[in-house]
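All of the numbers you see were taken from the coordinates with simple rules; none came from a lab. Worth saying up front: this structure is predicted, and the values here are computed from it rather than measured. Quick reminder, even Gly has a Cβ in these numbers, built from the backbone with ideal geometry, and neighbours come from all protein chains shown.
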């Protein structure tokens, strides 16, 4: 007589797992949205200035993903959507750059978003023009907007950031004046390619994880203007 599966299996003292039973009783883990923040200054006066490339990158992402940014919440223009199955919030704080954290902190607190799912996009004087740099965490590097964000995230620096190189000011121009200077037509055209790379990077980050995205972004050569 052939032995039944039950009698032939060795006894381990542990009850066998019933697939149908466990899948019905086990709740899926709660999925928190990603928050992508672009830093900048509100108003037409600051449109297309170097300090606002974070805003521009976010606009490019919103357009590429078909996300409306017309809603105003938490002192920011806010958009909701998804990339793949990952829920997504896009935010452009309207508080002025130096107090951006007021908006970011409120959004993170309300939606209970883990720091590792908050990506902040902003301009960087210390990177060559058009160069992108993705980091998993870090300090503010003297950037007032990032100082504010860190302060309003209870001092946490453990959130990813995408820095956009705007280059150093020419001659003896002060940095404060340089960051409020508008891009030339050629620079704007070159930046469009940077934004395309940035959009692809955000998609990759949400779908494939940080490590692969960092390799993709950080190995890109800066644009030559």
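Under a crude label model (7 Å from the Cα following the beta-carbon direction), how far is residue 140 from residue 63 in nanometres?
3.2
Order the peptides 128-134, 55-61 from the highest to the lowest mean number of other Cβ atoms within 10 Å of their residues.
On the way: 128-134: 19.7, 55-61: 24.0.
Most protected by this proxy first, the peptides run 55-61, 128-134.
What is the Cα centroid distance between the stretch 55-128 and the stretch 133-196, reported in whole angstrom?
With the stretch 55-128 and the stretch 133-196 each reduced to a Cα centre, they are spaced 15 Å.
Starting from 0.36 nm per residue, how many nanometres of slack lie between residue 181 and residue 126 once their C-alpha separation is accounted for? Walk me through the intermediate numbers first.
Details: separation 55, 0.36 × 55 = 19.80 nm, distance 1.63 nm.
Length difference between fully extended and current span is 18.2 nm.
Extending each Cα 7 Å along its Cβ direction at residue 212 and residue 189, get the distance between those two points in nm, one decimal.
Output for this residue pair reads 3.5 nm.
What percent antiparallel are the DSSP beta bridges of the stretch 34-218, to the nearest 5?
Working: 16 of 29 bridges.
Of all bridge pairs located within the stretch 34-218, approximately 55 percent are antiparallel.
For the stretch 23-121, what proportion of DSSP beta bridges, expressed in % and rounded to the nearest 5, is antiparallel?
Of the beta bridges lying entirely in the stretch 23-121, close to 60 percent run antiparallel.
Take residue 73 and residue 32, extend 7 Å from each Cα along the Cα→Cβ direction, and tell me the distance between the two endpoints in nm.
1.7
Using the count of nearby Cβ atoms within 10 Å as a rough guide to exposure, how do 213, 95 rank from fewest to most?
Final ranking by Cβ density, sparse to dense: 95, 213.
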